[in-house]
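As structure tokens, the structure follows; a few thoughts come after it.
Read-outs throughout are calculated quantities, based only on the coordinates presented, and are distinct from any laboratory measurement. On a predicted model such as this, the values are computed, not experimentally measured, just so you know. Using ideal geometry, Cβ is built from the backbone for each residue, glycine included, and neighbour counts are taken over all protein chains shown.
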Amino acid sequence: MFRYIFQRFLMMIPVILAVSFVVYYLMDLAPGDIVSMMAPQDATEAEIEMMREEMGLSGTLPERYLRYMFNLLKGDLGESLSMKRPVIEIFFERFPATLKLAFGSILVALLISVPLGVAAATHHRSWLDGTSMVTAMLGLSMPSFWLGLLLIIVFSLKLGILPSGGSSGFASIILPAITLGAGQAGNLTRITRSSMLEVIRQDYLRTARAKGVSEKAVIYKHALKNALIPIITIFGSTLGNALGGAVAIETVFSWPGVGRLTVTAINTRDMTLATGCIIMFTIFLTFTLLLVDIAYAYVDPRIKAQYSK
Amino acid sequence: MKKTRLIALLLCIVMVATVFTGCGGGNKETAAPGSESSGGQSSGETKYKKEIIIAIADEFTTIDPTETTAESNQIVQDCTHDLLTDTNLATMQNEGELVESWEMIAPDHWKFKLKEGVKFHDGTILNVDDVDFTFKRAAGKSTTSAYMAKIKEFIKIDDLNFEVKLKNGDVDFNYVFAANCLAILSKEAFESMPEEEAVKIGTGPWKFEEFVQADYVSLVRFEECTLYDVPNTERLVFRMIPEASARMIALENGEVDAILSPSATDYKRLAESDDFQLITQTGRGQHYVAFNLSNKNSIVSNPKFREAVAYAINKEEMVMAAWDGYAQVSTSIMCRDMGYYADIEGIGYDPQKAQAMFDELGAKGLKIHLITSDAIHRVKMAENFQAQMAKYGITVTVEFMQQAALIERLEKDKSVEMFVLSWTPGKNADYMFRNPLHSSGGRNYAYLKDPEIDALIDAAAAETDTAKRAQMYEELQIRLTTEIIPWVPIAQATLTLGAAKGVTGLLLHPGLVHQFKTAEKIIN
């Protein structure tokens, strides 16, 4: 098992190297540069060139990339060109908000999808199954940007019970978490349903029923436990989606997360900040996927046995 | 299965704990904006709302004035820090803010006298050493080094008087000190506290209180302010809400008291509402349709064609399309509110004359390529221009891109034919012409290289006789607007701000650094 974890750690190195190169190269390829955008409107050509020099943007792409990677090896992601502060500091100021929103949305997604998926599977091909699937499809297909504005209009403007944005207090996370969670709930409902459908046909459940175990206990104590295993597996990718998909939600709800920060950095061509944020995201996601794999091995003895070989 | 349950339980605990921990404590929530908006502050008979919250679109990122040129930062810094000179929004003149008076001994030798007894937030009194310290610090910053490079020598006369000798003569040097990134900092603060704390110390009527990244920045009034009257409002909060519709909802909800840059679709609703007000001010930004004069392969290098285009554009129609009428049509290349603006006639809309000129040039069936950014008003300007030109049988193909990409294209792509852009000169008349229209200008995207125009710009900048100077600027305006025509000036857009009824002290600045020093609302 430890060997496996060590191997996974080693695999992270080429992933981070590849991501850093691709992001750095693409950012360089993108037209426009931050100096022209940041320079005062009345700056002369010579003054703009002087700014470029002072911001460390002179030199060829390989030179700059190697300089960047050398600093990265020392744990230094550089300084944001627009904010003039260390990228790592800015990232960790904003990351808790994104993480909070991501976990909040997963919580919402689980609260919706598990009961809905179970109900759909246990009432297979009934109106309840159909309704659950239509609800899941709605959640999946509704643009989060539009749903967010709709929720703001209803709960903030019309009913006045929840704030329209910001991150002050528990109430402010409810609408963004629901908006982001709705899409994930659609996906999770479908997975829970299919996973449950597979499990409820198993022999051990028939045996449990034959032994006189109540239907409720059969479903919730025996079937659901096993059906949840695939859900743990997709936890990592769902978290990834939640982090990545949070950009639009963070904008609509003025949520101070990393998604908004990264988009702003890309738009303003703040190369160090954009690259730093994406590299940090990559590291975080790789770790999350590793943790999920380890957790999966613990809950599924077959996987654990595989690792032991 | 016990393990499954355990892991499921642990995951749930982690998620719930993350959500609740983040939301429950920490300094982010201790002073949440909006939490104290009820209640009032008594000042004699009048009661004022304790807290005014203003929603801004772009992110505030730093309180350090020397580190930024972004308006979203400068709007907040304008409340906490002061400049040596600044634009008086009532008179639109450059006046002393921290300086009492100034004198131009020679174009390259200036004398300034500071106001006496101006108190910093740390209790120290402003003196020449603070100015000297600020300038020395600014010389090492990329944002401000260009300004400081103009100065050859800084001479301290006494605690309140100083002289500046310049490398080159500049009869408008007082305007340099109106650059927001040259706000004066306290030398003593930098000696007694860490830099990140010292940069917060200014002389403005508001003191920095708290900053939560991408969420809000809050200020509290400076009770011992000597430069301005102490504000009637206790707390001023700037909330960052990027979405225009979300800002409008926050205003309608009462979560904020004012919103910057409301959506054009909400103008009418704000203006006609009993609960809200629409505050407007003509912006200094000159929006124009321009030609790349260096592209000799294109008809745009022919001044007759440019003149015909100027006659062909119905500016009123374009203003309706791009700003729903909220803009003032331009007749001159120069911006209306600037010193030395001459109210010239320019080239008016004359479709018959335009058609005749196009016919003479054989322009029917011509194809022209125009580029611009994806900002909504520019998209509409470009589309309207396309439609207007189609009436004369000219096909305009339009390409939209991000602002950063547009600037790079204008800098590097010599095959550009036409573009839609704007120019917001911050300070004096020289800035109106030098950078976008002088052959050495850093933003001369029309690639106008005219020695006569260069000489006229240089001569006007050096002229000390105001009457002669006015004449020179008038000549520049006439020649550029009606003869050379590198741009067809379209309009100066109206700046807008939505606010709850009764909120006052919200001053829109044509140069976009709006002033909220006296924002308040009487509640009785």
Here the averaged projected area of the range A:227-286, based on the convex hull of its alpha-carbon atoms and given in nm², is 4.7
Long pairs among B:167/B:414; B:111/B:187; B:304/B:449; A:158/B:268; B:136/B:207, criterion Cα-Cα beyond 26 Å: B:167/B:414
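Taking R0 as 60 Å, what's the FRET efficiency between residue B:155 and residue A:234 from their Cβ-Cβ distance, rounded to 0.05?
On the way: r = 71 Å, r/R0 = 1.18.
For residue B:155 and residue A:234, the calculated efficiency is 0.25.
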Theoretical FRET efficiency, 1/(1+(r/R0)^6), r = Cβ-Cβ of residue B:90 and residue B:414, R0 51 Å, to 0.05: 0.65
For residue A:66 and residue B:336, FRET efficiency with R0 = 51 Å and r from the beta-carbon atoms, rounded to 0.05? 0.50
Taking the Cα atoms only, what angle lies between the long axis of helix B:244-253 and the longest principal axis of chain B, rounded to 10 degrees? 40
Could you work out how far helix B:403-412 tilts from the main Cα principal axis of chain B, as a 0 to 90 degree angle to the nearest 10? 40
Which lysines have a Cα lying under 24 Å from the Cα of residue A:216, excluding residues fewer than 8 positions away in the same chain? A:225, B:2, B:3
Mind telling me which of A:102, A:208, A:136 comes out most flexible in a GNM of chain A, alpha-carbon contacts under 10 Å? A:208
Expressed in nanometres to one decimal, the distance between label points 7 Å along Cα→Cβ at residue B:449 and residue A:127 is 8.0
Taking chain B as the region of interest, what is the percent of Cα-Cα pairs per 10 angstrom bin, listed from the shortest bin to the one with the maximum distance? 4, 16, 24, 23, 18, 9, 4, 1, 0, 0
Crossing angle, helix B:351-361 versus chain B [Cα axis fit, 0-90 degrees, rounded to tens]: 60
Near residue A:74, which lysines are there with a Cα under 24 Å away, not counting those fewer than 8 places off in the same chain? A:84
With the crude spin-label approximation of a point 7 Å out along Cα→Cβ, what separation in nm comes out for residue A:298 versus residue A:10? 2.5
